[in-house]
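Heads up: the structure comes next, in structure tokens.
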């Protein structure tokens, strides 16, 4: 899980330009990290590439926090 989290953190820091310390499991992509719907879509695409998984639109809509991302990746990879 730690490896997944560090990879997710790196992607979010690169995409959203936030400080790594802000990217916690509880952090909301939109409310805490300032991402919008376009940022969320870009993140999903980059996560799919990074982890060689496919995230359906229905599942992507359920992903709200960094923890949601990590849990999803760990259960689908």
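Values in this text are rule-based calculations from the coordinates and carry no lab data. Since this is a predicted model, take the numbers as computed values, not measurements. With ideal geometry, Cβ positions are generated from the backbone for all residues, glycine too; neighbour counts draw on all protein chains shown.
See the values below:
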item	result
Estimated [θ] at 222 nm from DSSP helical runs (n ≥ 4, -39500 (n - 2.57)) normalised by residues in the chain, nearest 500	-19000 deg cm²/dmol
Estimated distance in nm for a label pair at residue 6 and residue 31, the labels positioned 7 Å out from Cα along Cα-to-Cβ	3.0
Pairwise label distance in nanometres, residue 52 with residue 64, each label 7 Å out on the Cα-Cβ vector	3.3
Fraction in percent of alpha-carbon pairs per bin - 5 Å, segment 2-76	3, 17, 34, 29, 14, 2
